[in-house]
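These notes are about the structure you will find just below.
The values are calculated or read from the model by the stated rules, or taken from the named source; none is laboratory data. This structure is a prediction, so every number in the text was calculated from the model and none was measured. So basically every Cβ, Gly included, is an ideal-geometry build from the backbone, and we count neighbours across all protein chains shown.
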Amino acid sequence: MFLEKEKNSASRTGWIEVICGSMFSGKTEELIRRLNRARIAKQKVEVFKPTIDTRYDEEDVVSHDEKKTRSIPVQNATQILFYAEDFEVVGIDEAQFFGNELVNVCNELAEKGKRVLVSGLDMDFKGNPFGPMPALMAIAEYVTKVHAVCIRCGNPANYSHRTGSEEKLVVLGETDAYEPLCRKCFIDSKS
């Protein structure tokens, strides 16, 4: 029995799924939905988030519509390897806040036969690719880009426009600091 189980897990193919988009687009909600489906299938699931993300909860991953799941906050991506060893499905929220080592971590997890679900912002507040997200999208087997609704015109929004004047790359906030905008409204906001 032990050898059969070991053989099955060794032959299992892992993969990476990336869920990306702007703020308020439902990335975390989609991540939680997929994780819950894996739990229903009796798969061993573990979820991680960066310790910097304390907006709704110190530990839980929480979506804007208040759906939540338990997680392990980690300082850096390499810690995920330590905690994820005994799990079949690994969820990672707010991936843009991890360094580029997250790409290697996700590859290593997938190579060990794990399903890796990653969600994060694909662009920063200036509209530039954000952190490890472009590289993760390149190596992922599946990429889902979700959109918010432009708060100004109602078109699909894929930009996270910062409403304040702060220029730091990472500024935690919600509707008090960001608004989802479509391409045209984002460009118009810069002029």
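If you take just the strands (runs of 3 or more DSSP E) that sit entirely in segment 95-191, which of them hold at least 1 residues that are of a type in the set (Lys, Arg) and touching a Phe, Trp or Tyr at 6+ places or on another chain (Cβ under 9 Å)? Step through it out loud before you land on a result.
Working: elements: 115-121, 142-146, 159-162, 178-181.
It comes to 115-121, 159-162.
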The correct count of residues that are closer than 15 Å to Val143 by Cα and in a strand (DSSP E or B) in segment 65-94 is 2
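Quick one: in segment 165-185, which of the residues that are farther than 30 Å from Glu101 by Cβ and not basic (Lys, Arg) is surrounded by the most Cβ atoms within 10 Å (Cβ to Cβ)? Before you say what the answer is, go through the steps one by one.
Initially, segment 165-185 is screened for residues farther than 30 Å from Glu101 by Cβ, giving 165, 175-176, 179, 181-185.
Adding the requirement that they be not basic (Lys, Arg) leaves 165, 175-176, 179, 181-182, 185.
Values: Ser165: 5, Thr175: 12, Asp176: 8, Glu179: 22, Leu181: 25, Cys182: 22, Cys185: 19.
Ranking the candidates gives Leu181 first.
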Those residues of segment 98-120 which are crowded, with 21+ Cβ neighbours inside 10 Å and farther than 15 Å from Ala140 by Cα amount to Phe98
Practice task
Determine whether Ile80 is buried (at least 19 other Cβ atoms within 10 Å of the Cβ) and touching a helix residue (DSSP H, G or I) at 6+ places or on another chain (Cβ under 6 Å).
Solution key: yes
Restricting attention to segment 7-30, the residues that are modelled with pLDDT under 95 and farther than 21 Å from Lys126 by Cβ number exactly 10
Please verify whether Pro134 is of a type outside the set (A, V, I, L, M, F, W, C), under 24 Å from Val61 (Cβ atoms), surrounded by 14 or more Cβ atoms within 10 Å (Cβ to Cβ) and out of contact with any Leu (no Cβ under 9 Å at 6 or more places or on another chain), treating the condition exactly as stated. yes
Of (1) in contact (Cβ under 8 Å) with a residue 24 or more places away in the chain; (2) of a type in the set (D, E, K, R); (3) in a helix (DSSP H, G or I); (4) within 19 Å of Ala110 (Cα to Cα), Glu29 satisfies every one except (4)
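So, in segment 58-115, of the ones that are small (Gly, Ala, Ser) and over 23 Å from Gly21 (Cα atoms), which residue ends up farthest from the chain's Cα centre (by Cα)?
Of the residues in segment 58-115, the ones small (Gly, Ala, Ser) are 63, 71, 77, 84, 91, 95, 99, 110, 113.
Those left that are additionally over 23 Å from Gly21 (Cα atoms): 84, 113.
Details: Ala84: 16, Gly113: 20 Å.
Step by step, filter segment 58-115, then rank; the result is Gly113.
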| query | Could you say whether any residue in segment 110-131 is within 24 Å of Pro73 (Cβ to Cβ) and free of Cβ contacts under 8 Å to residues at least 40 places away in the same chain? | reply | yes
Of the conditions (1) under 16 Å from Ser25 (Cα atoms); (2) among the aliphatic types (A, V, I, L, M); (3) out of contact with any Cys (no Cβ under 8 Å at 6 or more places or on another chain), the single one that Ile80 does not satisfy is (1)
All-but-one check, Leu117 against (1) touching an Asp or Glu at 6+ places or on another chain (Cβ under 6 Å); (2) modelled with pLDDT under 95, failing number (2)
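Counting only residues that are among the hydroxyl-bearing types (Ser, Thr, Tyr) and over 30 Å from Trp15 (Cα atoms), which one in segment 142-191 is modelled with the lowest pLDDT? Even if it seems obvious, please write down each step before you answer.
Our first condition is that a residue be among the hydroxyl-bearing types (Ser, Thr, Tyr); within segment 142-191, this holds for 142, 144, 159-160, 163, 165, 175, 178, 189, 191.
Still in the list and also over 30 Å from Trp15 (Cα atoms): 163, 165, 175, 178, 189, 191.
Numbers: Thr163: 90, Ser165: 81, Thr175: 63, Tyr178: 91, Ser189: 93, Ser191: 82.
Here the residue is Thr175.
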Across (1) of a type outside the set (Val, Ile, Thr); (2) within 19 Å of Ile19 (Cβ to Cβ); (3) surrounded by 15 or more Cβ atoms within 10 Å (Cβ to Cβ), Arg37 clears everything bar (3)
